[in-house]
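Engineer: Dumping the structure here so I can ask a few things about it.
Computed from the coordinates by the stated procedures, all read-outs in this text should not be read as laboratory data. The shown structure was predicted, so the numbers you read here are calculated from the model rather than taken from an experiment. Virtual Cβ from ideal backbone geometry, glycine too; neighbours counted across all protein chains shown.
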Amino acid sequence: MNTIGDIIGRATELPWLWAGLAAYGLATIVAIAGVMRMPHRAVGAMAAYDSYAASEKGRAWHGHEKLVLTLVVSGVALITIALAERWVRIGHGPFVNLFELLMSQLFSLGLIFAIAYWRVPAMRASAVVALPLIWVLGIWVLTLQPVDTPLPPTYHNDWLWAHVGLGKIFLSLCLVGTGLAGVILLRHSERFAPWFRHVPANEVLDGLAWRFMLLAFIFHSLMLVAGAVWAQDAWGRYWSWDALETSSFLNWLLLGMGLHARFTYRVPLRAGAVLIIAVFVFAFFTYFGTPFYSEAAHKGVI
Amino acid sequence: MKKFLRALGSIRLALVGMVLLGVGAALSYDNPAGTPVWVLVVPLALLAINLFCAIATNPRINRRPGLLVFHLGLFAIIVLAGIGRLTHLDAQLEITEGSAFSPGELTEVKKGPFHGEGLSKVAFIQGNYTVEYNAGLVRGLTHSQVLIPDGRGGVMSRVVGDDRPLVLEGYRFYTTYNKGFAPVLTWTPDQGESMTGTIHMPSYPLFDYKQDSTWTPPGGKPLRFWLRLDTGLRQDAAWLLDGKKASGVLVVNAGERRVELLPGQSVRLEGGSLRYERLTSWMGYKVFYDPTLRWLFIAAVVSIMGLGAHFWRKFGVRMQRTHESSVTDTPVASSGRMP
């Protein structure tokens, strides 16, 4: 009989995970403090993201931003060590229980957010929205026991890697889009608007956010295809309307409808931002909510 | 006519179709068999018509190669999925070790109205299998040996299991958790010829506690069997289920009479005699056939590549150009459209 003490005692990955979460936490604090102390000068409206990105202002690093990036990268590095430690200890990747899924998601969200933060200056202020969202997972993982898991027989399949990896990229791109959408919405609040005066106009953020959502749509589509191939190999059917399949397909439809609406009609900026956040929330519940209303996330998963 | 086609290919109709498909998907959740098929077929048909008309009439699609490929791919996926449902086969199979596959043994058969006769060409013989278990009876890898004709009059051995199906004539045979033991019995009636067959006991080790079954021999009275197995089963450590290493005592109940038989032993019963020849095993397979699988995959990948190319063309190239020309701040054009 394993006690909680035994389980935690065996989990040598925990110190690395805690250190990684601490780095993410510090990055969040620095990001928020940074935008609060930012000089209240408007950057000027831009016609498009491309113009902004090419300008001097668009390429500049603000005081706290390098520190935020350093902390997020440190967090990713520490969680990478935690994942490797657990992998070596239990003999397989983070694919089975919620603790492993959250841990790997903390890694991928941090990694892709860091890349976007480094490469796309216009989205850096969105760290004040995106990093706390990552921390929701961080707090959640702290409440879970790092129970060892055996790898189900159908998980010995290369398509699982593709499916999981593409899904993580999709969620991470949604997170970046959501961060930008969050800034657009926060700007409508008197309390938070001054934090974002140095940030490009809402039109720029909106265009950028939807680019990330279109990219997310591509990766979501690839995830569905890779998942169907895996499901065909693993369970002898490529689609069976189980909890995760249905939820992720509805998520794909919602994002598809959003993109069609956004490309075709003059969707108000706030409505567009709400739609992006709705897609992220749906995706979040698809990933982390299905275990709570479905006996097995994927039918016949073990 | 063109106006009508434009209306059929409108974005508004696409959005309606997607909403209806979403409703159909939500209704199908966890119960595709119990949900009327039209909740998916109607929106998919509507979307197929919408896609076809949009491709034909909408210059925002048909003049952009990436978007055109993406939407053509989606159209192909809908058509292929439809063909797949009309020609598919889903079934279950329990096959005894050492016996040849026969299409008549399939159970729970569901097939499309245009499913062909290819199953009659499928031939294989089931061999032995092993299943690895971790501590706590957590199932690991299955290794099921099958013998298939090599085309030169002989047979060749292949090991399948879990995510490595046996694929013959396009039919895919997947091992399942459903497998167990089967005593081989010979019934020799008082008059007539003897017959040999197997009784498939319930799935093992899932029903380790309930290895029983009933059978009524021709001209005899109902018999109740119970199999007392020795497989080395253990829950506290890793264990290998291997039919070759298992043995079992067959308990036969005929009315009030109870007899225990070891392999090779017989018992005289009303109407004939029963001989317990040996213990063997059976494997449960899920059988799947869909001739469109490969084409669905190709259509999906090409479709997404089209969307990727569109993204790159729309944003990647422009971003590079903009960086090269070092454009500075420009006045705002307040638009909700994608820049």
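Engineer: Scale the Cα Rg of region A:102-200 by the rule-of-thumb value 2.2 N^0.38 Å and send over the ratio, two decimals.
Structural biologist: On the way: Rg = 16.7 Å, N = 99, 2.2 N^0.38 = 12.6 Å.
Its radius of gyration relative to the 2.2 N^0.38 Å reference: 1.33.
Engineer: Compute, for chain A, the length of the dipole vector about the Cα centre, with Cβ point charges of +1 (Lys, Arg) and -1 (Asp, Glu) only. Units Debye, rounded to 20. List each step's numbers first, then the result.
Structural biologist: Details: 20 positive and 16 negative charges, 215 e Å.
My answer is approximately 1040 debye.
Engineer: Explain nothing, just the number: dipole magnitude of region B:97-255 about its Cα centre with +1 on each Lys and Arg Cβ and -1 on each Asp and Glu Cβ, in debye rounded to the nearest 20. Provide the component values of the computation, followed by the final result.
Structural biologist: Numbers: 16 positive and 16 negative charges, 28 e Å.
Using only the charged Cβ atoms, the result is roughly 140 debye.
Engineer: Indicate the gyration tensor shape class of region B:1-111 (rounded, prolate or oblate), computed on the Cα atoms with a ≥ b ≥ c the square roots of the eigenvalues: a/c under 1.5 is rounded; otherwise a/b larger than b/c is prolate and the rest oblate. Please report the intermediate quantities before stating the final value.
Structural biologist: Values: a/c = 3.71, a/b = 2.28, b/c = 1.63.
Cα axes put region B:1-111 in the prolate bin.
Engineer: Could you list B:K2, A:K66 in order of exposure, starting from the residue whose Cβ has the fewest other Cβ atoms within 10 Å?
Structural biologist: Values: B:K2 8, A:K66 11.
Listed from fewest to most nearby Cβ atoms, that is B:K2, A:K66.
Engineer: Per residue and in Å³, how big is the convex hull formed by the alpha-carbon atoms of chain A? Working shown, then result.
Structural biologist: Values: hull volume 40.1 nm³, N = 302.
Each residue corresponds to 133 Å³ of Cα convex hull volume.
Engineer: Highest first, please rank the peptides A:172-184, B:203-215, A:73-85 by the mean number of other Cβ atoms sitting within 10 Å of their residues.
Structural biologist: Working: A:172-184: 27.6, B:203-215: 15.3, A:73-85: 20.1.
Top to bottom by mean Cβ count within 10 Å: A:172-184, A:73-85, B:203-215.
Engineer: Given a cut-off of 20 Å, what percent of all Cα-Cα pairs of region B:160-265 lie beyond it? Before the final figure, lay out each step's value.
Structural biologist: On the way: 2862 of 5565 pairs.
When every Cα pair of region B:160-265 is considered, 51 percent fall beyond 20 Å.
Engineer: Using a 10 Å cut-off around each Cβ, can you sort B:D90, B:D290 from fewest to most neighbouring Cβ atoms? Please report the intermediate quantities before stating the final value.
Structural biologist: Details: B:D90 17, B:D290 25.
In order of increasing Cβ crowding within 10 Å: B:D90, B:D290.
Engineer: Convex hull over the alpha-carbon atoms of region A:146-214: what's its volume per residue in Å³? Let's see the in-between values first.
Structural biologist: Numbers: hull volume 9.0 nm³, N = 69.
In region A:146-214, the Cα convex hull volume per residue is 130 Å³.
Engineer: Using the Cα centre of region A:138-281 as the reference point, and only Cβ charges (+1 on K/R, -1 on D/E), how large is the resulting charge dipole? Debye, rounded to the nearest 20.
Structural biologist: Details: 9 positive and 8 negative charges, 133 e Å.
Dipole of region A:138-281, to the nearest 20 debye: 640 debye.
Engineer: Of B:L80, A:T154, A:G207, which is farthest along the charge dipole of the protein assembly as shown in the positive direction, counting Lys and Arg as +1 and Asp and Glu as -1 at C-beta?
Structural biologist: A:G207
Engineer: Same structure, new question: Over all residues in A:236-243, what is the mean tally of Cβ atoms on other chains that come within 10 Å of each residue's Cβ? Present the calculation step by step, with values, prior to reporting the outcome.
Structural biologist: Details: counts 12, 7, 7, 3, 4, 11, 3, 2.
Average per residue, whole number: 6.
Engineer: Another question, if that's okay. Using only DSSP helix segments of four residues or longer, with each worth -39500 (n - 2.57), what per-residue ellipticity at 222 nm results for chain A after dividing by its residue count and rounding to 500?
Structural biologist: Result for chain A, helices only: -24000 deg cm²/dmol.
Engineer: Inside 10 Å of the C-beta atoms of A:267-278, what's the mean count of C-beta atoms belonging to other chains?
Structural biologist: Mean partner-chain Cβ count within 10 Å for A:267-278: 1.
Engineer: Expressed as a rounded percentage, what relative contact order does region A:105-238 have, with Cα pairs under 8 Å and six or more residues apart? It would help to have the intermediate numbers written out before the result.
Structural biologist: Values: 128 pairs, mean separation 46.2, N = 134.
Once divided by the residue count of region A:105-238, the mean separation gives 34 percent.
Engineer: Of all the Cα-Cα pairs you can form in the protein assembly as shown, what percent are over 37 Å apart? Walk me through the intermediate numbers first.
Structural biologist: Details: 100585 of 205120 pairs.
So the portion of pairs separated by more than 37 Å is 49 percent.
Engineer: Among A:W18, A:W235, rank each residue by its count of other Cβ atoms within 10 Å, from fewest to most, as a rough exposure measure.
Structural biologist: Details: A:W18 15, A:W235 21.
Neighbour counts put them in this order, fewest first: A:W18, A:W235.
Engineer: Further question on the same structure: Between region A:174-224 and region A:67-133, what's the alpha-carbon centroid distance in Å?
Structural biologist: 20 Å
Engineer: Oh, and also: How high is the relative contact order of region B:1-116, given as a whole-number percent (alpha carbon pairs under 8 Å, six or more residues apart)?
Structural biologist: Details: 109 pairs, mean separation 25.3, N = 116.
In percent, rounded to a whole number, it is 22.
Engineer: Binning at 20 Å from 0, report for chain B what percent of all alpha-carbon pair distances ends up in each bin.
Structural biologist: Spelled out per bin, shortest first, that is 22, 38, 25, 12, 2, 0.
Engineer: As an exercise, take the mean of 1/r over every pair of distinct alpha carbons in region B:50-152, invert it, and state the Kirkwood radius in angstroms.
Structural biologist: Details: mean 1/r = 0.0548 Å⁻¹.
Kirkwood radius, region B:50-152: 18.3 Å.
Engineer: Then there's this: At 4 °C and 1.567 mPa s, grab the translational diffusion coefficient of region A:161-302 from Stokes-Einstein with a Kirkwood Rh over Cα pairs, rounded to a whole number in µm² per second.
Structural biologist: Reported coefficient: 81 µm²/s.
Engineer: Spelling out what I want: for every residue of region A:92-104, take phi, set θ = phi - 60°, compute 6.51 cos²θ - 1.76 cosθ + 1.60 (Karplus), and round to whole Hz; glycine and proline get x.
Structural biologist: These are the phi-based 3J(HN,Hα) values: 8, x, x, 10, 9, 9, 4, 4, 5, 5, 5, 4, 5 Hz.
Engineer: Oh, and also: Using the per-residue mean of other Cβ atoms lying within 10 Å as a proxy for protection, in what order, highest first, do the peptides B:218-231, B:29-42 fall?
Structural biologist: Numbers: B:218-231: 15.4, B:29-42: 13.7.
The densest-packed peptide leads the list: B:218-231, B:29-42.
Engineer: Taking each residue of A:253-264 in turn, how many C-beta atoms of other protein chains fall within 10 Å of its C-beta, and what is the average? Write down the numbers at each step before the final one.
Structural biologist: Working: counts 6, 3, 0, 6, 7, 0, 2, 5, 3, 3, 5, 8.
Mean partner-chain Cβ count within 10 Å for A:253-264: 4.
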